[in-house]
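Colleague: Here it is, the structure, as C-alpha cells.
The values are calculated or read from the model by the stated rules, or taken from the named source; none is laboratory data. Just so it is clear, the model here is predicted, and its values are computed rather than measured. With ideal geometry, Cβ positions are generated from the backbone for all residues, glycine too; neighbour counts draw on all protein chains shown. When the accessible area is computed, the model is the full protein with side chains, heavy atoms only, and any ligands, DNA or RNA have been set aside. Shrake-Rupley method; radii C 1.70, N 1.55, O 1.52, S 1.80 Å.
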Amino acid sequence: QVQLVESGGGLVRVGDSLRLSCVASGRTFDNYVGGWFRQAPGKERAFVGVIDWSGGSTFYIDSVKGRFTISRNNAKNTVWMQMNDLKPEDTAVYYCAAREFALSSNWHDYDYWGQGTQVTVSS
C-alpha cells in the first residue's frame, strides 16, 4: 500500500505561482509513476501530467506545457508540480496519483490517490 498526501494548494491571482507537493509513505516510491490530475466543479477528473519512476520523462497536457513542471526526489518520496502563470481555468482540486512502472494519462489506471488540494485562481 502507498499513501499519498498532497499539499500546497491555495487561492492565488492570475499569473501567480504555486508548488504542489505529494509525499508518499508506506512503500518505497522508486517503482511508481507519479501522475497529477485535476477536477473542476461539474467536470470529470482530468489528466494534467505525469513523471516516470526515475524523473527522466515527463508528459503534460497542452494547456499546461511551459507553465507546469513535474519533478520528484525518490529519496524524499516526494513528487512536486510547479505551476507558474496560473490562469482561472486552472482552478480545480488537484490530485496526485501513483501506479507501478508504466506511464498513463488514464485515471482508471492509477492505484493510489491523495486526498486532493484545492487551487483557486482569481481574476
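Colleague: May I ask you to give the solvent-accessible area per residue for region 10-84, in square angstrom, as obtained with a 1.4 angstrom probe?
Modeller: On the way: 3790 Å² over 75 residues.
In whole numbers, region 10-84 has 51 Å² accessible per residue.
Colleague: Then there is this: Please list, in order along region 118-123, the HN-Hα scalar couplings obtained from phi with the Karplus expression 6.51 cos²θ - 1.76 cosθ + 1.60 (θ = phi - 60°), rounded to whole Hz, x for Gly and Pro.
Modeller: Along region 118-123, the couplings run 7, 10, 10, 10, 9, 9 Hz.
Colleague: Determine the shape class of region 43-113: with a ≥ b ≥ c the square roots of the Cα gyration tensor eigenvalues, call it rounded for a/c under 1.5, and otherwise prolate if a/b is greater than b/c, oblate otherwise.
Modeller: Working: a/c = 1.77, a/b = 1.28, b/c = 1.39.
It comes out oblate by the Cα gyration axes.
Colleague: I would also like to ask the following. At q = 0.12, 0.23 Å⁻¹, what base-10 log of I(q)/I(0) does the Debye formula yield for the chain when every alpha carbon is treated as an equal point scatterer in vacuo?
Modeller: Rounded to two decimals, the profile gives -0.38, -1.40.
Colleague: For the chain, what is the relative contact order in percent, using Cα pairs closer than 8 Å and at least 6 residues apart in sequence?
Modeller: With pairs under 8 Å counted, the relative contact order is 37 percent.
Colleague: Please work out whether region 22-78 counts as rounded, prolate or oblate from its C-alpha gyration tensor, where a ≥ b ≥ c are the square roots of the eigenvalues and a/c under 1.5 means rounded, while otherwise a/b larger than b/c means prolate and anything else oblate?
Modeller: Since a/c reaches 1.5 but b/c is at least a/b, the shape of region 22-78 is classed as oblate.
Colleague: Right, something else. Excluding ligands and nucleic acids, what accessible area in Å² is computed for residue 58 using a 1.4 Å probe, to the nearest 10?
Modeller: 50 Å²
Colleague: Let me ask something else. Decide, for region 73-112, between rounded, prolate and oblate: order the square roots of the alpha carbon gyration tensor eigenvalues as a ≥ b ≥ c, take rounded if a/c falls under 1.5, and otherwise choose prolate if a/b is larger than b/c, else oblate. Intermediate values should be presented prior to the final figure.
Modeller: Details: a/c = 2.66, a/b = 1.40, b/c = 1.90.
It comes out oblate by the Cα gyration axes.
Colleague: Of the heavy-atom accessible surface of the chain (probe 1.4 angstrom), what whole percent is carbon and sulfur? All intermediate terms of the calculation are to be shown ahead of the outcome.
Modeller: Values: 2910 of 6190 Å².
Exposed carbon and sulfur together represent 47 percent of the surface.
Colleague: Which of the lysines could a cross-linker span from residue 65 if the Cα-Cα distance has to be under 16 Å and same-chain partners fewer than 8 positions apart are dropped?
Modeller: Straight-distance partners of residue 65: 87.
Colleague: Hey, another quick one. At 0.36 nm per residue, minus the direct Cα-Cα distance, what do residue 30 and residue 7 gain on full extension? Give it in nm, one decimal, please. Numbers along the way, then the final one.
Modeller: On the way: separation 23, 0.36 × 23 = 8.28 nm, distance 2.05 nm.
Roughly 6.2 nm would be gained on extension.
Colleague: Another one. Report the label-to-label distance for residue 67 and residue 123 in nanometres (one decimal), using points 7 Å from each Cα along the Cα→Cβ vector.
Modeller: 1.2 nm
Colleague: Given +1 on the Cβ of Lys and Arg, -1 on the Cβ of Asp and Glu, and no further charges, what dipole in debye does the chain carry about its Cα centre, rounded to the nearest 20?
Modeller: Working: 12 positive and 12 negative charges, 45 e Å.
In total the dipole reaches around 220 debye.
Colleague: Non-local amide H neighbours of residue 72 (under 5 Å, H modeled in plane, Pro and chain starts lacking H): which ones?
Modeller: It is 80, by chain and number.
Colleague: Let me ask you something else. How do 5-13, 80-88, 45-53 rank on mean C-beta neighbours within 10 Å, highest first?
Modeller: Listed from highest to lowest mean packing, they are 45-53, 80-88, 5-13.
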